[in-house]
Amino acid sequence: MYAFDFERPTTIADAVKALAAADAQALGGGQTLIPTLKQRLAQPSKLVSLTHIAEMRGVCRADDGSVAIGGATPHAVVAKEAASLYPALAKLAGQIGDPAVRSRGTIGGSLANNDPSACYPAAVLASGATIVTNSRRIAADDFFRGMFATALNPGEIIVEVRFPVPEKAAYAKFPQPASRFALTGVFVAKFASGVRVAVTGASEGGVFRWKEAEQALSSNFSAEAVRGLSVSPAGMIGDLHGTPEYRAHLVRVMTARAVQAAA
Amino acid sequence: MPKDHGIGASSKRREDVRFLTGRGRYTDDINLTGQAYAAFVRSQVAHGRLRGVDTSAAAAMPGVLHVFTGKDFESVGGLPCGWQVTDRHGKPMLEPRHPVLAHGKVRHVGDPIALVVAETAEQARDAAEAVVAEIEELPAVIDMKAAVRGGPLVHDELGSNLCYDWGFVEENREAVDQAIRNAHHVTTLELVNQRLVPNAMEPRVAVGDYNPATDETTLYTTSQNPHVIRLLMGAFVLGIPEHKLRVVAPDVGGGFGSKIFHYAEEAAVTFAARALKRPVKWTASRSESFVTDAQGRDHVTKIELALDKDGHFLAIRTETYANMGAYLSTFAPSVPTWLHGTLMAGNYKTPLIYVNVKAVFTNTVPVDAYRGAGRPEATFQLERVIDKAAREMGIDPVEIRRRNFIDSFPYQTPVAVQYDTGNYHATMDKLLEIADVAGFEKRLQESKARGMLRGLGINCYIEACGIAPSNLVGQLGARAGLYESATVRVNATGGIVVMTGSHSHGQGHETSFAQVISEMIGVPESQVEIIHGDTANTPMGMGTYGSRSIAVGGSAMVRAANKIIAKAKKIAAHLLEASDADIELKDGKFTVAGTDKSVDWGSVCLAAYVPHNYPLADLEPGLEETAFYDPSNFTFPAGAYACEVEVDPETGKVTVDRFAAADDFGNIINPMIVDGQVHGGLAQGIGQALLETTAYDENGQLLTGSYMDYAMPRADDLPFYRVDHSCKTPCTHNPLGVKGCGEAGAIGSPPAVVNAVIDALHRGGMTHVTHIDMPLSPSRVWAAMQR
Ligand SMILES: Cc1cc2nc3c(=O)[nH]c(=O)nc-3n(C[C@H](O)[C@H](O)[C@H](O)COP(=O)(O)OP(=O)(O)OC[C@H]3O[C@@H](n4cnc5c(N)ncnc54)[C@H](O)[C@@H]3O)c2cc1C
């Protein structure tokens, strides 16, 4: 690690102020950022920890019926406290990493990082969630901008994520054998208005909606409905752990499994 | 009733008290007064000409004491290779120079270029980033076949990337060719035994210390064999006489072979400590471990098995390319040759065998012994080709093995070694029982009902342990002896301290060695202490690897203890006024045979050190003996393994549902520790079969340089094992009748897993799949299933 200053504000306003400094960076659970610093791959001047901001922590049902999760809420807390409010989301959180990662890592950090193999982006996109920052609200469909890229401006903080709760939903994750991030993960959410299907881990463009499956599932919410569909391997990630063809295949298999689990 | 102490008891591992409570003392826990810290500047490219190293900016940075480069090491030796292999034509292998810090060229990513020593570890790292190495990048050679077909030269001065072309047994070559030409059936299999990263839990650490007042140098290091490091580094690299050099390997957190070898970092920090007259410490990061710890396996093999119409094996011919990496690590040349070719007979009566091995230099991390070392590679290809042959000929895989089992001992194989004992039918019978092979059909139906494929893989293995007879290995090119040593020191009050040349880095010697002494003398285990790991207080020993500790180190200890007992009997005879021939030792008491006259162990020990009533004219006072033991043969643990897998036909994911291991380790000192050794070996073997691989891109960059991409086995990747070692055919040539158990699990399990997966696919109708290279990751299995 290179040397850096450290601040731990207790209000969002103070955090925003602290982040205004040149090369300052927000610190959530540190599960991505700290290893990066240890490898000397980043050199922030200052880390601003968000984990002591009370208004950014916790899970509750909002007035509009959606489930609101503070941006600095660790995965383990979501796994526990969202279990009755949004079981599929809680289950996803409970499958991220290992207990240590879940105790530290936060939903805001995960979404801001937008790792192409991360789990939360699939839930956020499939649920049509809203990302609430210190300055605005961003619809999930506008938030993810490809691998490790988001709509966030420098210094902008994810303070909350609001999830509309679907009638039925499930996340099916096929873990990459080494990292156990999603080699391919599919979140399926069935709303009265239709079905949304979001895929993570598979595409070079990061998380994406599989529109064809959404259509098929909206008229027939069953695993059968996707059996005949296929995804093109073009643009899929190819690496040691799976070819583009394999990932394209998994998209269909995991979608069917998610539907099965949700039904 | 199971024994509660001594040989055969499952005594709790005493060392675990400190390991589990955070009170172990590992090398990184050692911090010396005035200690400085080292950081290495390493090559980021796999191959390049080193034009110059500019250290001026780094040297001027805060806290920096000195920056060393390859130039500083011109006056000292290179890292020596401990084994010289002679090729098919009687020529010695090509042996490159291996400088401590790169000089002239860099040859793999991670090759050390400079060493920065500073007041703090962070300062050293900061300054290391400021060292400017001017490197003219050269095309790298990664693929072995390309390397020998005229690829770029890793070592220009050698003129070739072919280290050696070894034939064994060369005299059999033509007879083997002929047998294969004329055979009723020949099964051919081409396979890769992939490269593995050892991944000991504790990364390597070295602390060099020099006392200018006494001219004494000490190296604390993560080693499996401190005496070997002292000899290699002292005599060959730095020129420090052994009496002025002490090497300490305290608690060591796993090695699996990777901590046998003498590494550049050890020599570099010792050199720096002497130059700066300050203790210098280096602790590897995990990233550094990935590019500097000697890696394992990496064989590309073609094997042919000739059979008669009844499935009897007639001949085996193999051709293997074995990757040496960029330099010859300490014992690298021996692994694909003498530790591999000599095991090609397996458990079977194959009359004719020819093994050809081409060892190749590439721009990758050096490869050397890794848990099993050569024997897993032999077992894997043999047990895979047998399975394929059985399938081709329509013979049951167990039956074809039984038909070919060696069943009388001693058995002289056609590949030099002679098996002393074994009973392969017995271990197979036991395996079929504990694996519940009879219940497989029912489990198969249950899997089918859930839409899953299920397969059963069974195989045998044999290994040569207890290495090794020194005169034999000397003829084979070893530049070291492979005996072991022990000093048994009895204190005046009866406590016993054993100083062994073996080294425990997880194996539990402190417990099991004490059990042997307790059994021999009849004192409680708690009265026995085992000391290891420090050249200053242990006799010259060769350390721990190749499942040799109890067989060779234990034998040395038994010898020393027998000397103690003989002397103690003389003292007892004097005290009892009897003849020493009439003295019997039992349960810590010396008795005159046939009488009730006795004296206890403690009184004899006291007499030895307070010799008031003592035969001083005939006997020296004191009770301390040293013995060396050089084995007359290898030991040959063997066994049969069964693996049952489920394969998800949609994703290709393999789940190991059941695993059973029936081993013959000869006599067992501590069954619980043996279970643990087998469990760990199985985890590593299953890890190799399903998860682990080391991938370089064509430029020599390591693609699997962290746990994000290098898949280690985890608890939930593994089933509960059924292990059994009740089939015992004691070794005939060591005093304990023991064979060794440290590597068996890693040797026997990979073919069982692969055999099971192939079986599952065949049962699922995918009969076109005859082999899948490890690791059998979901994507590879899925790809194989397509078509
Ligand atoms: C061993 C391991 C296994 C893992 N497995 C999985 C897995 O299976 N699935 C999965 O999805 N993830 C996995 N992760 C990643 C984990 O979920 C991380 O916690 C997450 O990606 C980052 O969250 P964090 O709170 O730790 O963020 P940090 O590491 O603290 O920060 C990450 C980035 O986000 C920024 N940031 C942090 N919080 C905010 C915020 N509130 N607003 C704006 N920017 C912010 C930081 O500045 C930084 O750029 C794993 C991580 C590890 C170490």
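Tabulated results
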quantity	calculated
Selection from the stretch B:634-662 of residues that are in a strand (DSSP E or B) and either farther than 17 Å from B:PHE720 by Cβ or within 14 Å of chain A (Cβ to nearest Cβ) (or both)	B:THR635, B:ALA638, B:GLY639, B:ALA640, B:VAL647, B:VAL654, B:THR655, B:VAL656
Any hit, the stretch A:14-21, residues being touching a Leu at 6+ places or on another chain (Cβ under 8 Å) and within 13 Å of the ligand (Cβ to nearest atom)	yes
Test: residue in the stretch B:146-157 that is within 14 Å of chain A (Cβ to nearest Cβ) and surrounded by fewer than 20 Cβ atoms within 10 Å (Cβ to Cβ)	no
Any hit, the stretch A:132-142, residues being without any contact (Cβ under 8 Å) to a residue 12 or more places away in the chain, within 12 Å of the ligand (Cβ to nearest atom) and not β-branched (Val, Ile, Thr)	no
Sole residue being surrounded by 24 or more Cβ atoms within 10 Å (Cβ to Cβ), within 10 Å of the ligand (Cβ to nearest atom) and either charged (D, E, K, R) or over 18 Å from A:VAL59 (Cβ atoms) (or both), chosen from A:ALA122, A:ALA112, A:ALA100	A:ALA122
Evaluation of A:GLY58 against (1) closer than 30 Å to B:ASP126 by Cα; (2) within 14 Å of the ligand (Cβ to nearest atom); (3) of a type in the set (Gly, Ala, Ser) (one fails), failing number	(1)
Filter result for B:ASP697 (open to solvent by 20 Å² or more (accessible area, probe 1.4 Å) and among the charged types (D, E, K, R))	yes
Cross-chain or 6+ apart pairs with Cβ under 8 Å, the stretch A:162-179 first and farther than 17 Å from A:ARG209 by Cα and within 11 Å of the ligand (Cβ to nearest atom), then open to solvent by 20 Å² or more (accessible area, probe 1.4 Å) and among the hydrophobic types (A, V, I, L, M, F, W, C)	A:PRO175/A:PHE181; A:ALA178/B:LEU691; A:ALA178/B:MET708; A:ALA178/B:MET712; A:SER179/B:MET708
Pair list, Cβ < 7 Å and 6+ apart or interchain, from the stretch A:233-254 residues that are more than 7 Å from every other protein chain (Cβ to nearest Cβ) and in contact (Cβ under 8 Å) with a residue 12 or more places away in the chain to residues that are buried (at least 24 other Cβ atoms within 10 Å of the Cβ) and part of a helix (DSSP H, G or I)	A:MET236/A:ARG247; A:ILE237/A:ARG247; A:ARG252/A:VAL226
Residue, farthest from the ligand (Cβ to nearest atom), within the stretch A:180-209, restricted to residues that are open to solvent by 40 Å² or more (accessible area, probe 1.4 Å) and of a type in the set (Phe, Trp, Tyr)	A:PHE208
Restricting the stretch B:100-132 to residues that are of a type in the set (Asp, Glu) and within 14 Å of chain A (Cβ to nearest Cβ), the residue that is surrounded by the most Cβ atoms within 10 Å (Cβ to Cβ)	B:ASP126
When residues of the stretch A:31-50 are limited to those that are touching a helix residue (DSSP H, G or I) at 6+ places or on another chain (Cβ under 6 Å) and either of a type in the set (Gly, Ala, Ser) or more than 8 Å from the ligand (Cβ to nearest atom) (or both), the one most open to solvent (accessible area, probe 1.4 Å)	A:ALA42
Residues within the stretch B:682-726 that are away from every other protein chain (no Cβ under 14 Å), in a loop (DSSP other than H, G, I, E, B) and either in contact with a His (Cβ under 8 Å, 6 or more places away or on another chain) or modelled with pLDDT under 95 (or both), tallied	1
In the stretch A:39-63, the residues that are among the charged types (D, E, K, R) and touching a residue at least 12 places away in the same chain (Cβ under 8 Å)	A:ARG40, A:LYS46, A:GLU55, A:ARG57, A:ARG61
Members of the stretch A:223-256 that are over 21 Å from the mean Cα position of the chain (by Cα), in a helix (DSSP H, G or I) and surrounded by fewer than 23 Cβ atoms within 10 Å (Cβ to Cβ)	A:ALA223, A:GLU224, A:ALA225, A:ARG227, A:PRO244, A:GLU245
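The values are calculated or read from the model by the stated rules, or taken from the named source; none is laboratory data. Model, not experiment: these values are computed from the prediction. Don't worry about glycine lacking a Cβ; one is built from the backbone with ideal geometry, like all the others, and counts go over all protein chains shown. Heads up: the accessible areas ignore ligands, DNA and RNA and are worked out on the full protein's heavy atoms, side chains in. Shrake-Rupley method; radii C 1.70, N 1.55, O 1.52, S 1.80 Å.
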